[in-house]
Amino acid sequence: MKIHEKYIKRCIEIAKNGLGSTAPNPMVGCVIVHKDHIIAEGYTSPYGGAHAEVNAINTVNNKSLLKESTLYVTLEPCSHYGKTPPCSDLIIKHQIKTIVIGCLDSNPLVAGKGIERLRASGCEVIVGVLEDECKLHHKRFFTYHNKNRPYIILKWAQTLDGFIAPLSKSHKLPVWITNAYSRQLVHKWRAEEQAILVGTNTVLEDNPSLTVRDWCGKNPIRVVMDQFNKLPLTANIFNNQARTIIIGSKNQNLISNTNIETVFIDWKDQANIAKQICSVLKNLNINSIIVEGGHQTLQTFIAENLWDEARVFTGSKIFENGLKAPEFKGRTIYSQLILDDNLTIYLND
Ligand code: AOF
Ligand code: ZN
């Protein structure tokens, strides 16, 4: 493997340590190489904290080595004052000779300016090493800036005969379609995304908490659709374990609680429900969401073609009747058996 690719690959690997904690900032990875030895590594701190380059540079004891080093980074170093000062200034201050970058930053505050600044100060800058891999790694960040909406992951579990739930009210206890290992994986996924969304019926039928319990990590922001003001305050989604955003109607009684916010969309504009939700979420700085059902909610996002990935479990049970799994078309990118469950991941491209 070519030398630059080897180190950018390492950047992507360590960047994943930031998954679930940096959003809506990108999870960037950085390594500093001196005479073909990695002398420092860093990844983006939790939101509002230090950027990857700063974390890497700070771990170098002998700063004079930096003048003869190459800094590798998945995303263009920033050039603006946000919650933290510009990384490009720090790189320039330490006179790092060569900067190798995976892909450009699409945040309009940066977008090429970081590179200009580095070049203007005399650094050698190489851009576009493993560019596609870096763009894929930063998929949430790029979707947010380039498509003005969060990265959308649809998730559901279906029986072998294609049902996502038994017929309404025909069950009292939770009916699991997938095994405990698959369910644990879903908790890991929840911790990785900034928000989780379900429809009204899912809350009324299943009373889910939508929190992360079978994995370590933060709870996502809970987003719940409630067109007809049907959700009881006793529902688990209103417990104080996470922030909850209700997508409601203007005539709704507002719930007064620091953890619960209500936003409004025009429900009469039936063809653009998902689109309106996306715009609400974008305005709330949410750059990724996992949609966990039910049928109607999933189908709304599919019908408006507002989804990026579908993660579908197929268990070994047969229901014979019930709520049908959503209909969609996607390209299979991954398939795995989890004991008797089959997980397939589809991309919408
Ligand atoms: C980098 N390295 O590790 C990250 C970058 O408010 P701030 O200061 O945290 O800036 C956030 C913006 O900086 C973010 O929108 C993106 O453009 C860039 N993120 N840049 O050089 C990093 N996380
Ligand atoms: Zn930065």
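What follows is calculated from the coordinates using simple rules that are stated; it is not laboratory data. Everything numeric here is computed off the predicted structure, so don't read it as measured data. Cβ coordinates were reconstructed from backbone atoms using ideal geometry, including for glycine residues, and neighbour counts include every protein chain displayed.
Lys and Arg at +1, Asp and Glu at -1: add these up for the other residues within a Cβ distance under 11 Å of GLY315 and post the number.
Here the count lands on -1.
Taking only Cα atoms and a 10 Å spring cutoff, compute GNM fluctuations for the chain and point out the largest among VAL224, VAL60, VAL73.
VAL60
Just want to confirm a number: the relative contact order over the chain, from Cα pairs under 8 angstrom separated by 6+ residues, in percent.
For the chain, the relative contact order is 16 percent.
Divide the volume of the convex hull of the Cα atoms of region 120-243 by its number of residues and quote the answer in cubic angstrom per residue. Write out the running numbers ahead of the final one.
On the way: hull volume 24.7 nm³, N = 124.
With only Cα atoms used, region 120-243 gives 199 Å³ per residue.
Between CYS216 and ASN236, what FRET efficiency follows from the Cβ-Cβ distance if R0 is 22 Å, with the result rounded to 0.05?
Taking R0 as 22 Å, the efficiency between CYS216 and ASN236 is 0.60.
Expressed as cubic angstrom per residue, what is the convex hull volume of the alpha carbon set of region 1-142?
For region 1-142, the hull spanned by Cα atoms encloses 91 Å³ per residue.
What base-10 log of the normalised intensity I(q)/I(0) is obtained for region 150-347 from the Debye formula, alpha carbons as equal point scatterers, at q = 0.09, 0.16 Å⁻¹?
Treating every Cα as an identical point scatterer, log10 I(q)/I(0) equals -0.32, -1.07.
Which distance in nm do the two modelled labels at ASN285 and HIS80 give, with both placed 7 Å along the Cα-to-Cβ direction?
Spacing of the two 7 Å Cα→Cβ label points: 1.2 nm.
If you check each cysteine of the chain for another cysteine whose beta-carbon is under 4.7 Å away, which ones come up empty?
CYS11, CYS30, CYS78, CYS87, CYS123, CYS216, CYS278, each lacking another Cys Cβ under 4.7 Å.
From the helices alone, meaning DSSP H stretches of at least four residues, give me the mean residue ellipticity at 222 nm for the chain, per-run term -39500 (n - 2.57), in deg cm²/dmol to the nearest 500.
When only DSSP H runs of four or more count, the value is -7500 deg cm²/dmol.
Name the most mobile residue of LEU167, LEU66, LEU75, meaning the one with the largest mean-square fluctuation, in a Gaussian network model of the chain with Cα contacts below 10 Å.
LEU167
For region 226-238, just list the computed ³J(HN,Hα) in residue order, Karplus coefficients 6.51, -1.76 and 1.60, θ = phi - 60°, integers in Hz, with x standing in for Gly and Pro.
Whole-Hz 3J(HN,Hα) from phi for region 226-238: 8, 4, 9, 6, 9, 6, x, 5, 7, 4, 4, 5, 9.
Quick one: if you take sqrt(5λ) for each eigenvalue of the C-alpha gyration tensor of the chain, what semi-axes come out, biggest first, whole angstrom? Write down the numbers at each step before the final one.
Numbers: eigenvalues 346, 99, 59 Å².
Its equivalent ellipsoid spans semi-axes of 42, 22, 17 Å.
What are the residues whose amide H is under 5 Å from the amide H of VAL291, where those residues sit 5 or more places off or on another chain and H is modelled from the backbone?
Answer set, sorted by chain and number: ILE153, LEU154, LYS155, LEU197.
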